[in-house]
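Quick notes on the structure that follows.
The values are calculated or read from the model by the stated rules, or taken from the named source; none is laboratory data. Quantities reported herein were computed from a predicted structural model and do not represent experimental measurements. Note that each Cβ is placed from the backbone with ideal geometry, even for glycine, and that neighbours are counted across all protein chains shown.
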Amino acid sequence: MGFLLFRSSFISSTEGSFLFSGHNDQTYGGTAPQSSPFSVMLVGDSGVGKTCLLVHFKDGAFLAGSFISTVGIDFRNKVMTIDAVKVKLQIWDTAGQERFRSVTHAYYRDANALLLLYDVTNKASFNNIRAWLTEIHEYAQQDVVVMLLGNKAESSHNRVVKREEGEKLAKEFGVPFMETSAKSGLNVELAFTAVAK
Ligand SMILES: Nc1nc2c(ncn2[C@@H]2O[C@H](COP(=O)(O)OP(=O)(O)OP(=O)(O)O)[C@@H](O)[C@H]2O)c(=O)[nH]1
Ligand SMILES: [Mg+2]
């Protein structure tokens, strides 16, 4: 019960910006047909680049410098035109830190798609993908769209996870895969478009 209260109070505290455009830079317009909002959730270990991927997608910028770990969960809206249809994406950015796991679990079931990230320069984040997939299986809807993303792909000097390893793991679990970079912008738009299609 206490947890449910926490969840609803979180929603109402952020809904202001949702309704009054704090996070809504783009508005509907034109003649393209609209579809209902599509909810995408970013998951994966702390530090893999979930927030940076979202910021790049939303604002086209990379947050260099100090790493500010996400607390709990946050969201941003973005309207995209996919195949001539305006799609409103509601993107949930979760905290990767273990201590927020019970908070983020409550949001899995509302997600239409999950972008599951690891960091190609961090082997542990890759090794944890199996555990993340188990968690997704447990808490998300059966028909959720999952895509595996190997982020920080531009960081060739520090890379410890080969592209082929990511491909192999994705194949094993029957999910699509791509490498991304929130720094260079590689495949950022494509990843969000692919799951929203
Ligand atoms: N080189 C490189 N660094 C990146 C990239 N994406 C993120 N980073 C860096 O990785 C660190 C963590 O990025 P965040 O996006 O905050 O990580 P997060 O997954 O949101 O972490 P939590 O909020 O704790 O779950 C930051 O220092 C970023 O600058 C990338 O594509 N390339
Ligand atoms: Mg974050």
*Hey, among the residues in region 68-99 that are out of contact with any Ser or Thr (no Cβ under 9 Å at 6 or more places or on another chain) and either closer than 24 Å to residue 124 by Cβ or not polar (S, T, N, Q) (or both), which one's farthest from ligand 2 (Cβ to nearest atom)?*
84
*Does residue 59 count as among the acidic types (Asp, Glu) and at pLDDT below 95?*
yes
*Which residue, of 116, 148, is of a type outside the set (Val, Ile, Thr), at pLDDT 95 or above, in contact with a Pro (Cβ under 9 Å, 6 or more places away or on another chain) and not in a helix (DSSP H, G or I)?*
148
*Does residue 190 count as crowded, with 17+ Cβ neighbours inside 10 Å and either of a type in the set (A, V, I, L, M) or assigned to a helix (DSSP H, G or I) (or both)?*
no
*When residues of region 71-95 are filtered for being closer than 22 Å to residue 38 by Cα and within 16 Å of ligand 1 (Cβ to nearest atom), how many remain?*
10
*Got a number for residues in region 62-85 being part of a strand (DSSP E or B) and either in contact with an Asp or Glu (Cβ under 6 Å, 6 or more places away or on another chain) or of a type in the set (Gly, Ala, Ser) (or both)?*
1
*Taking only pairs six or more apart or across chains, which ones have beta-carbon atoms under 8 Å, a first residue in region 47-65 that is within 15 Å of residue 125 (Cβ to Cβ), and a second residue that is part of a loop (DSSP other than H, G, I, E, B) and within 9 Å of ligand 2 (Cβ to nearest atom)?*
47/67; 47/69; 47/96; 48/96; 50/70; 50/96; 51/68; 51/70
